[in-house]
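What follows is a single structure, written as structure tokens, with notes after it.
The values are calculated or read from the model by the stated rules, or taken from the named source; none is laboratory data. Values in this document were obtained by computation on a predicted structure and should not be read as measured data. Protein only, heavy atoms only, side chains kept; ligands, DNA and RNA dropped before computing areas. Shrake-Rupley method; radii C 1.70, N 1.55, O 1.52, S 1.80 Å.
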Amino acid sequence: MHLTIELTTDEAIALRRFANAHHPLPLDEAAALALREYLTSTGDLEVVPSIDEDSQVEGTA
């Protein structure tokens, strides 16, 4: 999904700071990350834990 938004100067500065604090991300990726973090913090987006190679998996496929 592609979304276009207009930001105030203060919001744009805050987004740039957020992007720089997260391993200098492009602004679009920083905006998506900020939105994801907000939605997760409010409970509107469920956190799905990532599975790494050392994870124990039960059952069969």
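Below, the figures for the structure above:
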quantity: Residue that is farthest from residue 6 (Cα to Cα) [pool: residues in segment 24-39 that are open to solvent by 50 Å² or more (accessible area, probe 1.4 Å) and in a loop (DSSP other than H, G, I, E, B)]; calculated: 24
quantity: Selection within segment 3-23 - open to solvent by less than 70 Å² (accessible area, probe 1.4 Å) and of a type in the set (Gly, Ala, Ser); calculated: 12, 14, 19
quantity: Residue tally, condition modelled with pLDDT under 95 and of a type in the set (Asp, Glu), over segment 1-25; calculated: 0
